[in-house]
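Enquirer: Can you keep this structure in mind? I'll have questions shortly.
The values are calculated or read from the model by the stated rules, or taken from the named source; none is laboratory data. If you're wondering where the values come from, they're calculated on a predicted model, not measured in any experiment. Cβ sites come from the backbone with ideal geometry, for glycine too, and all protein chains shown count toward neighbours.
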Amino acid sequence: MSTNLSSALVTNEPAVDFATRDHPESSPDSEGRSEAIYAREQKYLMGLSGSARRLGRAFVRAQGCQVYDADGRQYLDFTAGVGIMSTGHCHPTVVAEVQRQFAAFVGWHDSASEARAQLVELLAGLLPERLRHLCLFSGGAETVEAALRLARCHTGRSRVVGFSGSYHGKTAAALAVTGHEARRGWWVPEEGHGGLLPYADCNRCPFQLERSSCNTFCAEGVRRSLEALVVDLPAAVIVEPAQGTQGNIIPPPEFLCAIQRWCRERGVLFICDEILVGCGRTGAMFAFESAGLSPDMLLLGKGIASGYPMGVLALSDEVAASQRINWVSAASSSFGGNPVAAAAAAATLRVLCDEGLIFNALRVGPTLLAGLRDLSKRFDFFRNPRGRGLLLGGDLVPDGRGGQRSQALGEQVVAEARARGLLLMSTSGSLRINPPLCISEPEARVGLERLGQALAAADPGRGPR
Ligand SMILES: Cc1ncc(COP(=O)(O)O)c(C=O)c1O
């Protein structure tokens, strides 16, 4: 299977002949084992994501872009498991490295290890010279938390500015700069909250302008909003180079450059959160490179270790020189950068580069985008197809042009897709399409076909269902 997958990357053939299989929901093997596992957990577990609740079943194995549930049903994964499976599920090289390291040495506090040494050397080789000071953590929110803590230490100021629609994690400081409405509903600490500015989403322009004639006014708009903050200067501005949680929104680079320019002029730190969009997903190793940015802090996570928990905070020379950031234990933790996580991340970076997966994102991404555009011509309610590399999305707008996105319709499309063997995610009435970076052209085409069938089945124009 693993050999098939590797050759699939070279020959463009799908690893599994899933296209000819029966509709997975109607598989004769189905005995409800998968749903039974979910039901057993539900007696005790709380707080699961909407995707896990809607799925309501258990997966037992996966390879590349294919995932199998406990009843043997097969699914094509257009989500990379919320963006974490960059090299594909269970990439053989990553699996072997993790197994080898776990059997040899799991960790002793944050002591040095060959695996960690290799990881930081690899990262340093990929990052610009200015950003080669690294701190390692066990996940995204912990990395965001550390970035905000160190930004405050460095500047001696406490407020941090975020953007509407953003998502930075569920720890207290990360929530304070998160703009995603549903997430802010829980509880947002006042402390250090520097306000949320409008994000440049061209399909829902905060300035009510049209992209064809706006002259990228959002760059000037964000500058004016930032300038209004100078009376109580923030420590930092944190921004995602593309917003995943809002439906993979890609802003004009001018908007991001205007934020960076203002930060430089005012001595405010410019933080790029690439936890979702970094490590090859947009067709470049780092999304900030394509936008011509040079952040003071860069945050990586999710796909960096092919599903193994890991977060990386890269600091600029200027920030790293700060005395308080060099205090003992400023960025240590029980698990951060442990040898097994480091081995997973180092193997992932090698696979991304050696197997041409970033190039693959640039090759298969346009096929998917063209397919999404075709679907939006066929289905009036599927609008604004967009994407860069393998970060793609589209909106579900049942009430015609100018209408609101419908999360109910999004959930229906996701359910119809799942019934046809395609795993999708929707948030805020947008589809998020971000498959593993190893996806082949035939797999992309099969996924598009299944998505087309799901859209046809969910079509609100068909009347009450
Ligand atoms: C941009 C961004 N930052 C931070 C996080 C938080 O990462 P984690 O879920 O690993 O805590 C996420 C998670 O979705 C994210 O997309």
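Enquirer: Taking the conditions exactly as written (among the basic types (Lys, Arg), touching a strand residue (DSSP E or B) at 6+ places or on another chain (Cβ under 8 Å) and surrounded by 14 or more Cβ atoms within 10 Å (Cβ to Cβ)), does residue 130 satisfy them or not?
Expert: Considered against the rule, which asks whether it is among the basic types (Lys, Arg), touching a strand residue (DSSP E or B) at 6+ places or on another chain (Cβ under 8 Å) and surrounded by 14 or more Cβ atoms within 10 Å (Cβ to Cβ), residue 130 comes out as no.
Every residue, every condition in (1) among the small types (Gly, Ala, Ser); (2) farther than 23 Å from residue 437 by Cα; (3) part of a helix (DSSP H, G or I); (4) within 16 Å of the ligand (Cβ to nearest atom), yes or no:
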| residue | (1), (2), (3), (4) |
| --- | --- |
| 96 | yes, no, yes, no |
| 115 | yes, yes, yes, no |
| 146 | yes, yes, yes, yes |
| 154 | no, yes, yes, no |
| 175 | no, yes, yes, yes |
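Enquirer: Next up: Quick check: is even one residue across region 273-280 more than 13 Å from the ligand (Cβ to nearest atom) and either of a type in the set (A, V, I, L, M) or more than 30 Å from residue 89 (Cα to Cα) (or both)?
Expert: No, there is no match, as no residue in region 273-280 is more than 13 Å from the ligand (Cβ to nearest atom) and either of a type in the set (A, V, I, L, M) or more than 30 Å from residue 89 (Cα to Cα) (or both).
Enquirer: Let me ask something else about it. With the structure loaded, tell me whether residue 294 is among the small types (Gly, Ala, Ser), assigned to a loop (DSSP other than H, G, I, E, B), within 23 Å of residue 150 (Cβ to Cβ) and at pLDDT 95 or above or whether it fails that test.
Expert: Considered against the rule, which asks whether it is among the small types (Gly, Ala, Ser), assigned to a loop (DSSP other than H, G, I, E, B), within 23 Å of residue 150 (Cβ to Cβ) and at pLDDT 95 or above, residue 294 comes out as yes.
Enquirer: Taking residue 312 as meeting all but one of (1) closer than 23 Å to residue 195 by Cβ; (2) part of a strand (DSSP E or B), write down the number of the exception.
Expert: Single failed check for residue 312: (1).
Enquirer: Is it the case that residue 378 is touching a Ser or Thr at 6+ places or on another chain (Cβ under 9 Å), surrounded by fewer than 18 Cβ atoms within 10 Å (Cβ to Cβ) and modelled with pLDDT of 95 or more?
Expert: no
Enquirer: Okay, next question. Kindly list, by first and then second residue, each pair from a residue in region 292-307 that is away from the ligand (no atom under 14 Å from the Cβ) to a residue that is assigned to a strand (DSSP E or B), limited to pairs with Cβ atoms under 7 Å and residues at least 6 apart or on different chains.
Expert: Cβ pairs passing all conditions: 293/272; 296/269; 296/270; 296/271.
Enquirer: Another question about this same structure. Do we have residue 213 as in a loop (DSSP other than H, G, I, E, B), loosely packed, with under 15 Cβ neighbours inside 10 Å and among the hydroxyl-bearing types (Ser, Thr, Tyr) here?
Expert: Yes: the conditions hold for residue 213.
Enquirer: Still on this structure: Could you say whether any residue in region 336-358 is in contact (Cβ under 8 Å) with a residue 60 or more places away in the chain, part of a strand (DSSP E or B), touching a helix residue (DSSP H, G or I) at 6+ places or on another chain (Cβ under 8 Å) and not basic (Lys, Arg)?
Expert: no
Enquirer: Select, from 271, 275, 259, the only residue that is at pLDDT 95 or above, assigned to a strand (DSSP E or B), surrounded by 24 or more Cβ atoms within 10 Å (Cβ to Cβ) and in contact with a strand residue (DSSP E or B) (Cβ under 8 Å, 6 or more places away or on another chain).
Expert: 271
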